[in-house]
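Right, one structure below, let's go through it.
The values are calculated or read from the model by the stated rules, or taken from the named source; none is laboratory data. Keep in mind it's a predicted model, so treat the numbers as computed, not measured. So basically every Cβ, Gly included, is an ideal-geometry build from the backbone, and we count neighbours across all protein chains shown. Side chains included, ligands, DNA and RNA excluded: accessible areas come from the protein's heavy atoms. Shrake-Rupley method; radii C 1.70, N 1.55, O 1.52, S 1.80 Å.
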Amino acid sequence: MNVTNPSIRNPSIRVVVGPGAPEEGSPGRQQAESPQPSRVSTPPIDIHEGPDGLILEADLPGATDKDLFVQLEDNVLSLRAHVQSPVPQSARPIHEEFSVGDFHRSFILSDEVDRDRITAELKNGVLRLILPRADRARSRRIEIRS
Amino acid sequence: MSGVPWQNRWDPLRELQREVGRLFDGLDGLPALRHLRPYPPINVHDEGEGYVLTAQLPGVCADEVELTITGETLTMRGERKRPEGVKDDSYRRQERLVGRWSRTITLPDRVDSTQVTASFSNGILIVRIPKAEGAKPRHITVATGG
């Protein structure tokens with residue numbers, strides 16, 4: 001897959017670069033204004049180095065494009081997702097191993113990221129973020145003259 | 001051969017990053033506990049007419065899950081493959097589980113195993129299992145004595 005292909009850039013996932021609070025009706029807001037304390041879980045993530053930068057994958061089962069919020073401010077990357085229960089409220093739980101609510105995670109990226117070329121894709125409940133390395137953060141070979 | 005392995009790139013910062021990552025893994029990820037938890041996590045709800053089983057299976061496609069029902073015992077199995085072309089040493093963080101998994105769950109009441117339906121929605125497997133005729137709740141009209 002060509003990671004720089006703009007066709008995988010998903011315009012419906014809100015990726016905010018720089019400061020800014022989640023917009024009205026976004027997952028972050030819903031969490032703050034919800035009358036019931038929603039359960040927040042920490043999604044497991046993988047980060048690996050690709051040829052052009054970092055690739056981050058997060059397991060967000062149940063999340064949809066419209067309820068996902070990704071923000072990169074300075075070097076802090078935060079992910080928020082609000083998940084709707086697929087089961088009607090009237091159903092009686094008889095066995096529970098996971099809670100349905102919100103996902104939240106934030107962490108510090110050590111590398112400089114080219115903010116203009118970040119791409120996000122959500123497929124089958126897995127978020128894949130491609131964070132291309134900024135040119136000046138790329139390693140450069142220094143010639144030593146004898 | 002003894003001595004310092006000069007052929008390897010000396011990269012003390014990378015080593016430090018790896019150690020810090022390991023330290024944090026021990027604190028917030030608690031991978032030891034994570035492995036004790038059953039995978040995939042399952043919820044079961046009683047909807048009256050039947051049971052709804054939901055399982056968190058992010059990144060899994062419908063054809064990668066094998067679902068069988070024998071009497072009241074439901075078994076699901078599958079495999080989450082590691083991504084192709086990603087070298088182990090390119091990972092900075094790896095928390096998402098890979099490998100073969102299977103789960104078996106026994107439902108608390110008699111079900112109609114011929115009417116079971118299953119679907120995938122954003123990384124959540126939803127299995128609807130109707131109860132057998134005799135196990136469904138039945139409304140009894142109380143006649144007024146005359």
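Do we find that B:GLY71 is within 29 Å of A:ILE47 (Cβ to Cβ) and more than 10 Å from chain A (Cβ to nearest Cβ) in this structure? No.
Conditions tested, residue by residue: (1) open to solvent by 60 Å² or more (accessible area, probe 1.4 Å); (2) touching a Ser or Thr at 6+ places or on another chain (Cβ under 8 Å); (3) assigned to a strand (DSSP E or B); (4) hydroxyl-bearing (Ser, Thr, Tyr).
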{"residue": "B:PRO40", "(1), (2), (3), (4)": "no, no, no, no"}
{"residue": "B:ASN43", "(1), (2), (3), (4)": "no, yes, yes, no"}
{"residue": "B:THR54", "(1), (2), (3), (4)": "no, no, yes, yes"}
{"residue": "B:GLY59", "(1), (2), (3), (4)": "no, no, no, no"}
{"residue": "B:ILE69", "(1), (2), (3), (4)": "no, yes, yes, no"}
{"residue": "B:GLU79", "(1), (2), (3), (4)": "yes, no, yes, no"}
{"residue": "B:ARG82", "(1), (2), (3), (4)": "yes, no, no, no"}
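Counting only strands (runs of 3 or more DSSP E) that sit wholly inside region A:81-146, those with at least 3 residues that are surrounded by fewer than 17 Cβ atoms within 10 Å (Cβ to Cβ) are A:92-96, A:102-108.
Examine region B:17-33 for a residue that is within 13 Å of chain A (Cβ to nearest Cβ) and either at pLDDT 95 or above or assigned to a loop (DSSP other than H, G, I, E, B) (or both), and state whether such a residue exists. If you could, list the steps in order and put the result at the bottom.
Initially, region B:17-33 is screened for residues within 13 Å of chain A (Cβ to nearest Cβ), giving B:17-18, B:20-21, B:24-25, B:27-31, B:33.
Subsequent filtering for residues that are either at pLDDT 95 or above or assigned to a loop (DSSP other than H, G, I, E, B) (or both) retains B:30.
Checking region B:17-33: at least one residue is within 13 Å of chain A (Cβ to nearest Cβ) and either at pLDDT 95 or above or assigned to a loop (DSSP other than H, G, I, E, B) (or both).
In region B:86-101, the count of residues that are exposed (fewer than 12 other Cβ atoms within 10 Å of the Cβ) and in a loop (DSSP other than H, G, I, E, B) is one or more.
Scan region B:102-109 and give yes if some residue there is touching a Gly at 6+ places or on another chain (Cβ under 6 Å) and closer than 28 Å to A:VAL83 by Cα, otherwise no. Scanning region B:102-109 turns up no residue that is touching a Gly at 6+ places or on another chain (Cβ under 6 Å) and closer than 28 Å to A:VAL83 by Cα. Search region A:63-80 for residues being of a type in the set (Asp, Glu) and either open to solvent by 60 Å² or more (accessible area, probe 1.4 Å) or within 8 Å of chain B (Cβ to nearest Cβ) (or both), and hand back the single one that is farthest from A:SER41 (Cα to Cα). Among those residues, the one meeting the criterion is A:ASP74. Looking only at residues of region A:45-61 that are in a strand (DSSP E or B) and either at the interface with chain B (Cβ under 7 Å from one of its Cβ atoms) or open to solvent by 10 Å² or more (accessible area, probe 1.4 Å) (or both), we find that the one that is nearest to A:ARG117 (Cα to Cα) is A:ILE55.
Note on region A:44-65: residues that are touching a helix residue (DSSP H, G or I) at 6+ places or on another chain (Cβ under 7 Å) and within 18 Å of A:ILE13 (Cα to Cα) total 0. Here B:ILE69 meets each of (1) out of contact with any helix residue (DSSP H, G or I) (no Cβ under 8 Å at 6 or more places or on another chain); (2) at pLDDT 90 or above; (3) aliphatic (A, V, I, L, M) with one exception, condition (1). For the structure I just gave you, tell me whether B:THR141 is under 13 Å from the mean Cα position of the chain (by Cα), open to solvent by 60 Å² or more (accessible area, probe 1.4 Å) and closer than 25 Å to B:GLU47 by Cβ. No. Could you list, in sequence order, all residues of region B:114-135 that are open to solvent by 50 Å² or more (accessible area, probe 1.4 Å) and either away from chain A (no Cβ under 14 Å) or not in a strand (DSSP E or B) (or both)? Answer for region B:114-135, where residues must be open to solvent by 50 Å² or more (accessible area, probe 1.4 Å) and either away from chain A (no Cβ under 14 Å) or not in a strand (DSSP E or B) (or both): B:THR114, B:GLN115, B:ASN122, B:GLU133, B:GLY134.
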